[in-house]
Amino acid sequence: MAKGLFITFEGTDGSGKTTQIERLESFIQGKGYDAILTREPGGTAISEKIRELVLDKNNMEMDYMTEALLYAAARAQHVAQVIRPALEAGRSVICDRFIDSSIVYQGYGRKLGDCVRIINEYAVNGCFPDITFLLKIDPEIGKCRIKADDQDRLELEELDYHRAVFQAYEKLEQRYPERIIGIDAARSIDEISKEIQEHIDRLLGS
Ligand code: ADP
Ligand code: TYD
């Protein structure tokens, strides 16, 4: 059986990932393919517990390395329990954030450096995305799109942190041009989804 397509979405908060992921799920399923939608940190009962811990507004004292290891731990469980079995069963997987989030937020944003990539290569154990859509928008505009009440611990970080993250995403886009597709996310929802669908059609050969 052919393996499913592993698709990830990346971008700063409020860049429109959730909106586009839901549309892509319907698009892929509409073509008769089996697809599951999942997210990080999360996607399994254990990983969702780690998500609560890491995003809790009361955990402001969390050490940066602790944070990086928790994201990687959540990811290891997610890959082992959900992503790899689905791909091997021929299902496509659409995931809201994956390894690139740790590289940019913890590696660059928290300045932990290359150890984050190394830790995460152990966590994913060879399971890398086939394609990654990087939704690119000025972090300030993204922040304005999210309602103030909805902001979690990381969204409350200073804008400088989010700008460092945005620049780091651009570096990754240059480093992995065959996998990471940069998308201008300041356009309308329809324009963005049309561009994403064209890339998926190309990969599915339809
Ligand atoms: P993310 O998952 O990246 O945080 P969301 O998809 O939740 O982003 O979008 C954040 C907010 O911005 C939502 O209120 C959503 O309706 C809105 N939004 C999403 N895409 C666009 C767009 N292209 N233009 C304007 N608003 C958008
Ligand atoms: P989430 O709320 O799902 O993203 P969004 O607000 O864009 O819909 O993600 C929670 C936060 O976790 C987000 O600010 C990015 C951060 N994050 C990391 O710092 N490292 C990681 O490895 C992952 C997966 C997320």
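The values are calculated or read from the model by the stated rules, or taken from the named source; none is laboratory data. Bear in mind the structure is a predicted one, so any value in this text is a computation, not a measurement. Quick reminder, even Gly has a Cβ in these numbers, built from the backbone with ideal geometry, and neighbours come from all protein chains shown. Just the protein is used for accessible areas: all its heavy atoms, side chains included, with ligands, DNA and RNA removed. Shrake-Rupley method; radii C 1.70, N 1.55, O 1.52, S 1.80 Å.
For the stretch 53-138, the Kirkwood hydrodynamic radius comes to 13.9 Å, computed from all pairs of different C-alpha atoms. Applied to the stretch 63-80, the Karplus parametrisation 6.51 cos²θ - 1.76 cosθ + 1.60 on θ = phi - 60° returns per-residue 3J(HN,Hα) values of 5, 4, 5, 4, 4, 4, 5, 5, 4, 5, 5, 4, 5, 4, 5, 5, 5, 5 Hz, with x for Gly and Pro. In this view, the solvent-accessible surface of D184, computed with a 1.4 Å probe and all protein chains in place, comes to about 80 Å².
The alpha carbon centroids of the stretch 1-56 and the stretch 83-143 are separated by 11 Å.
Calculated over the chain, the projected area of the Cα convex hull averaged across directions stands at 11.0 nm².
Amide H contacts under 5 Å for R39: D96, restricted to partners 5 or more places along the chain or on a different chain, H placed in the peptide plane at 1.01 Å from N. Of the GluC sites (Glu not before Pro) found in the stretch 1-104, those in coil by DSSP whose Cβ has at most 12 other Cβ atoms within 10 Å are E61. Looking at the stretch 174-206, the GluC sites (Glu not before Pro) that sit in a DSSP loop and have at most 16 other Cβ atoms within 10 Å of their own Cβ are E178. Once the Cα-Cα distance is subtracted from the 0.36 nm per residue extended length, the K49 to L159 segment shows a gain of 36.9 nm.
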